1. From the list 98, 110, which residue is closer than 15 Å to residue 76 by Cα, in contact with a strand residue (DSSP E or B) (Cβ under 8 Å, 6 or more places away or on another chain) and among the acidic types (Asp, Glu)?
2. Among the residues of the stretch 121-149, which ones are in a helix (DSSP H, G or I) and either surrounded by 15 or more Cβ atoms within 10 Å (Cβ to Cβ) or of a type in the set (Val, Ile, Thr) (or both)?
Amino acid sequence: MKRSDVAIRPAVAEDAATIAAIVRLAYQIYIPRLGRAPAAMGVDHARAVAAGGVHVAIHRGAVVGVVTLTDTHVGCLLNNLAVAPDAQGRGIGRALIDFAENQARTREHDHITLYTNEQMTEHIALYRRLGYVEVARRREAGYRRIYIWQSRSVRKPARC
């Protein structure tokens, strides 16, 4: 699959149940590792969609991924990114990350920040491969989180 096969659009109310299912399926593998459900599984996705900042990835007419972005006083925060397990490994997550970075640039943020649980080592490795660097470790709401920051990606791309 090519990234051009994936469309990303703002989520609408009708997407909320699908988003909740994708998040549940994508994150349920971490419950044994964390000893509890990851924070993203407890989000009211209908409320999040209504608040704005939620975008979905569409492939062959189906919602297969989600990314949630929030503008903050210190930059763009990537709150959540999830891809349906049966759609993983096809570049959808990377397309969502590229979209998030482009949104940060468009919104004139100096950087994008995200956090992940320190037990989600696959996520940490992916973000490091993409040039993100760890900037903090915190215990919040009972979760041990690693904050990761990217400034390179939000600079304007060089012109050819």
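Read the figures in this text as sums done on the coordinates, not as results from a lab. Given the structure is predicted, the values throughout are model-derived calculations rather than measurements. As a convention, Cβ positions derive from the backbone with ideal geometry for all residues, glycine included, and neighbour counts pool all protein chains shown.
1. Within the list 98, 110, the selection yields 110.
2. Within the stretch 121-149, 121, 123, 124, 126, 127 qualify.
Each row is one residue, and each column tells you yes or no for (1) touching a helix residue (DSSP H, G or I) at 6+ places or on another chain (Cβ under 8 Å); (2) free of Cβ contacts under 8 Å to residues at least 12 places away in the same chain.
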| site | (1), (2) |
| --- | --- |
| 22 | no, no |
| 26 | yes, no |
| 35 | no, yes |
| 52 | no, no |
| 65 | yes, no |
| 85 | yes, no |
| 89 | no, yes |
